[in-house]
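The values are calculated or read from the model by the stated rules, or taken from the named source; none is laboratory data. These figures come from a predicted structure and were not determined experimentally. All Cβ positions, even for glycine, are placed from backbone atoms using ideal geometry, and neighbour counts span all protein chains on display.
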Amino acid sequence: MKIVFICERSGASVEEILRENGVSRRLITKLKRVENGICKNGLAARTIDIVQSGDTISIFKEDERSLEGASGLFVNSAYEDEFFVVYDKPPFMPVHPSIKHQGDTLGNFFSAMHPTLTFRPVNRLDRDTSGLCCIAKDAYSAKKLQHSIEKTYMAVVCGEITQCGTVDAPIAREKESIILRCVRSDGQRAVTHYKPIAIKNGYTLLEINLETGRTHQIRVHMAHIGFPLAGDDMYGGDCKDIGRQALHCSKLIIIHPISGEDIIVEAPIPDDISRLL
């Protein structure tokens, strides 16, 4: 994969330009060992070479092999370019393989579509949560995207919420569980903002934005204030109308790792959630 940077000032070294654009020292060291791994204006360059305004610096990183691909899987691609892809992950599909899930994951599907690339998920969703999941196609893009995505979720909770609100409560792991999380004073700070969109049948559809990204954050916070997600039996939600937690990542605003422009990707609420309302 080739990535090109345009120098906007004179007098800096090639290495300084690369570091300013988020290329790690570790990756620079690897690129120095690759023939034409670093070029200036199309010619092989040293990291100590000095650039002029308008020069182009390009790096070339060989693709790496990732997970085993799996045939028979299909996941809709909501956005894709040379640097990353955003999938609309269906519910009941894990993101990563595990002992119980060796060939039916989003990672397996990505590897079937891109057999030479390493699977690098930027945002992760629980197995039963549906919606948008961004996968970087190279290490540089993965690093740039790590803190460059604004996520919006849609959730249906049990009970009626009529006003917007914020939950600011620390989340920790339950002492007797490796999976469950809880609100506890010694936990990590977690902040969740929610806005009611619709109320029907004893449920409320919420739009949710996160300031932090703790494990099970939305599920724990909504249960903490007395409004567990519909279908979330792990945290006290009613399961009579839906067979999984009613949580969907509906929108990503992504700062593109190369162009810097905002990429807006959206995914509609799936039928099993919309039927609740």
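Below is a table of values for the structure above.
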read-out	value
Counted residues, the range 213-235 - those being in a loop (DSSP other than H, G, I, E, B) and at pLDDT 95 or above	8
Meets criteria (assigned to a loop (DSSP other than H, G, I, E, B), modelled with pLDDT of 95 or more and in contact with a helix residue (DSSP H, G or I) (Cβ under 8 Å, 6 or more places away or on another chain)) for R244	yes
Check on I197, of a type in the set (A, V, I, L, M, F, W, C), modelled with pLDDT of 95 or more, more than 20 Å from the chain's Cα centre (by Cα) and assigned to a strand (DSSP E or B)	yes
L229 vs. criteria surrounded by 22 or more Cβ atoms within 10 Å (Cβ to Cβ), over 22 Å from D168 (Cβ atoms) and in contact with a strand residue (DSSP E or B) (Cβ under 6 Å, 6 or more places away or on another chain)	no
Per-region count, the range 38-57, residues surrounded by 17 or more Cβ atoms within 10 Å (Cβ to Cβ) and assigned to a strand (DSSP E or B)	4
Selection count, the range 109-144, where residues are assigned to a helix (DSSP H, G or I) and either at pLDDT 95 or above or under 16 Å from K89 (Cβ atoms) (or both)	5
Filtered residue count, the range 32-75, keeping only those that are under 30 Å from G103 (Cα atoms), touching a helix residue (DSSP H, G or I) at 6+ places or on another chain (Cβ under 8 Å) and at pLDDT 70 or above	3
Top-ranked residue of the range 147-169 - restricted to ones that are among the hydrophobic types (A, V, I, L, M, F, W, C) and in a strand (DSSP E or B), ranked as farthest from P257 (Cα to Cα)	C158
Scope the range 91-111; condition surrounded by fewer than 18 Cβ atoms within 10 Å (Cβ to Cβ) and within 26 Å of H256 (Cβ to Cβ); matching residues	H96
Hits in the range 11-26 - residues which are farther than 16 Å from P257 by Cα and either assigned to a loop (DSSP other than H, G, I, E, B) or of a type outside the set (D, E) (or both)	G11, A12, S13, V14, R25, R26
Matching residues in the range 147-172 - criterion: being over 28 Å from S274 (Cα atoms) and either buried (at least 16 other Cβ atoms within 10 Å of the Cβ) or touching an Asp or Glu at 6+ places or on another chain (Cβ under 8 Å) (or both)	S148, A169, P170, I171, A172
